[in-house]
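Colleague: First the structure, then my questions, so here it is.
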Amino acid sequence: MSNILIAASGTGGHLFPALAVAEQLQDYKIQWLGVPNRLETKLVPQEYPLNTIVGEGFQQRFGLGAFKIMGRLVSSIRTCRQLLQDQQIKGVFATGGYISAPAIIAARSLGLPVMLHESNAFPGRVTRLFAPWCHTVALGFKPAAAYLRRAPFRKNRTVYVGTPVRSQFYHPQPLDLPVPENMPLIVVLGGSQGAVPVNKLVRACAPAWWDAGVAIAHLTGDNDPDAGSLQHSQYFPMPFSDNVAALLQRATLVISRAGAGTLTELAIAGMPAILIPYPYAADNHQAHNAAIFAAAGAANVFSQAELTPELLKVTVLNLLRSPDRLAQMQENALTLAVPDSAARLATLVRQMIESK
């Protein structure tokens with residue numbers, strides 16, 4: 001049984017695709033590389049050995065802080081090299097973000113192959129920098145390929161495979177909420193960190209939606225000081241849910257940020273959406289993601305700056321009163337889904353290691 005290293009850290013957008021691929025690689029012994037005090041410390045240790053390094057992003061401008069980041073990067077590379085050697089790792093699978101940089105550098109210094117998965121339509125900085133170092137770069141959205149450099153003296157390939165989602169999205173999940181079967185349900189997703197501005201908009205609109213006979217399942221995140229300020233029999237706030245699949249399978253419409261992982265889940269579920277890209281995302285990548293869903297007719301997209309409570313209220317009510325429009329948006333969303341993404345990635349990982 002060969003040993004592989006999966007480097008995935010931080011948000012659900014990096015972790016959940018990696019976990020979905022890991023489920024497909026049970027014939028390999030998996031080591032996981034993460035960062036302390038991030039989401040992986042809750043999700044990974046119950047399944048795989050978790051090794052941690054001190055991590056920090058590359059968004060900082062040149063200065064004293066940049067020197068500190070480079071010092072930590074050098075230290076992390078040494079740690080990764082030691083891990084790869086001690087565990088006799090045969091290849092690395094990474095999902096972008098800071099954690100990928102030391103893993104890629106360490107692996108290539110030892111002659112080990114690396115596969116990098118980029119879920120966003122506009123690739124992150126680490127992906128743009130290190131794509132030429134990798135054996136394969138797998139893409140969640142086709143337009144991302146236009147932003148990547150090729151290795152000038154070595155063969156590498158870019159493959160569109162979509163983004164994996166957790167296995168429960170492919171099977172009916174019970175929803176533990178008292179929502180009548182014939183009542184429309186709006187699901188509000190702010191991403192793994194929540195979204196306070198979106199929460200405020202939703203709370204301002206909620207009374208009008210209740211009057212129209214609509215229930216609201218609202219994932220508020222755990223950083224909203226007003227999360228408990230609204231109460232109603234048709235309103236179900238929660239900081240986080242580990243059963244998003246059940247919520248999307250029951251939902252009529254979703255209001256959401258535009259992280260790549262969330263959008264992939266919406267596509268798999270065939271879910272019409274109103275998207276509000278996070279305006280401060282690195283390189284404005286959420287706007288690039290949302291534009292693909294808008295172009296496909298799967299979502300209405302609004303910038304946070306332009307979206308008022310009145311505009312959101314009316315847009316939602318108009319969609320709920322237009323079942324044909326919702327049905328078309330559902331079909332359009334399904335065209336963006338790659339249901340076997342995790343299996344495709346697992347096959348590519350096996351081919352990479354066997355070719356080595």
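The values are calculated or read from the model by the stated rules, or taken from the named source; none is laboratory data. Computed from a prediction, not measured in an experiment: that's the story for all the values here. No Cβ is skipped: glycine too gets one built from the backbone with ideal geometry, and neighbour counts run over all protein chains shown.
Colleague: Assess whether Tyr98 counts as being surrounded by fewer than 18 Cβ atoms within 10 Å (Cβ to Cβ), over 15 Å from Ala260 (Cβ atoms) and not charged (D, E, K, R). Talk me through it step by step, then tell me what you get.
Modeller: Values: surrounded by fewer than 18 Cβ atoms within 10 Å (Cβ to Cβ): no; over 15 Å from Ala260 (Cβ atoms): yes; not charged (D, E, K, R): yes.
No; evaluated as a whole, the condition is false for this residue.
Colleague: Can you tell which of Gly213, Gly221, Gly162 is assigned to a loop (DSSP other than H, G, I, E, B) and under 23 Å from Leu319 (Cα atoms)?
Modeller: Numbers: Gly221 fails: under 23 Å from Leu319 (Cα atoms); Gly162 fails: under 23 Å from Leu319 (Cα atoms).
None of the others qualify; the one that does is Gly213.
Colleague: With the requirement that a residue be surrounded by fewer than 17 Cβ atoms within 10 Å (Cβ to Cβ), of a type in the set (Gly, Ala, Ser) and in the same structural domain as Asn182 (by TED's automatic domain parsing), what does segment 299-354 give you?
Modeller: Ser303, Ala305, Ser322, Ala327
Colleague: Name the residue that is modelled with the lowest pLDDT, counting only residues in segment 58-72 that are of a type in the set (D, E, K, R) and not in a loop (DSSP other than H, G, I, E, B).
Modeller: Restricting to residues being of a type in the set (D, E, K, R) and not in a loop (DSSP other than H, G, I, E, B), the top hit is Lys68.
Colleague: Could I ask something else about it? If we scan segment 111-126, do we find a residue that is under 21 Å from Ala282 (Cβ atoms), assigned to a strand (DSSP E or B) and not aliphatic (A, V, I, L, M)?
Modeller: Of segment 111-126, the ones under 21 Å from Ala282 (Cβ atoms) are 116-126.
Narrowing the set further to residues that are assigned to a strand (DSSP E or B) leaves 116-118.
Those still in the list that are not aliphatic (A, V, I, L, M) too: 117-118.
Yes, there is a match, as at least one residue in segment 111-126 is under 21 Å from Ala282 (Cβ atoms), assigned to a strand (DSSP E or B) and not aliphatic (A, V, I, L, M).
Colleague: Could you grab me the full set of residues in segment 270-319 that are out of contact with any strand residue (DSSP E or B) (no Cβ under 9 Å at 6 or more places or on another chain), in a helix (DSSP H, G or I) and free of Cβ contacts under 8 Å to residues at least 40 places away in the same chain?
Modeller: Within segment 270-319, Ala295, Glu310, Leu311, Val314, Asn318 qualify.
Colleague: Among the residues of segment 83-93, is there at least one that is more than 17 Å from Phe130 (Cα to Cα) and free of Cβ contacts under 8 Å to residues at least 40 places away in the same chain?
Modeller: Step one: of segment 83-93, the residues more than 17 Å from Phe130 (Cα to Cα) are 83-90.
After this cut, where a residue has to be free of Cβ contacts under 8 Å to residues at least 40 places away in the same chain as well, the list is 85-86.
Yes, segment 83-93 has at least one match.
Colleague: Restricting to segment 73-99, what's the tally of residues that are in contact with a strand residue (DSSP E or B) (Cβ under 9 Å, 6 or more places away or on another chain) and at pLDDT 95 or above?
Modeller: Within segment 73-99, residues that are in contact with a strand residue (DSSP E or B) (Cβ under 9 Å, 6 or more places away or on another chain) and at pLDDT 95 or above number 13.
Colleague: A further question on this structure: Which members of segment 145-168 meet the condition of being buried (at least 17 other Cβ atoms within 10 Å of the Cβ) and at pLDDT 95 or above?
Modeller: Val161, Gly162, Thr163, Pro164
Colleague: Next up: When you go through (1) under 24 Å from the mean Cα position of the chain (by Cα); (2) modelled with pLDDT of 95 or more one by one for Met238, which number turns out not to apply?
Modeller: For Met238, the exception is condition (2).
Colleague: In addition: Only one residue in Ala131, Ala144 is assigned by TED's automatic domain parsing to the domain that holds Pro102, part of a helix (DSSP H, G or I) and under 17 Å from the mean Cα position of the chain (by Cα). Which one? I'd like the intermediate steps shown before the answer.
Modeller: Working: Ala131 fails: under 17 Å from the mean Cα position of the chain (by Cα).
On inspection, the qualifying residue turns out to be Ala144.
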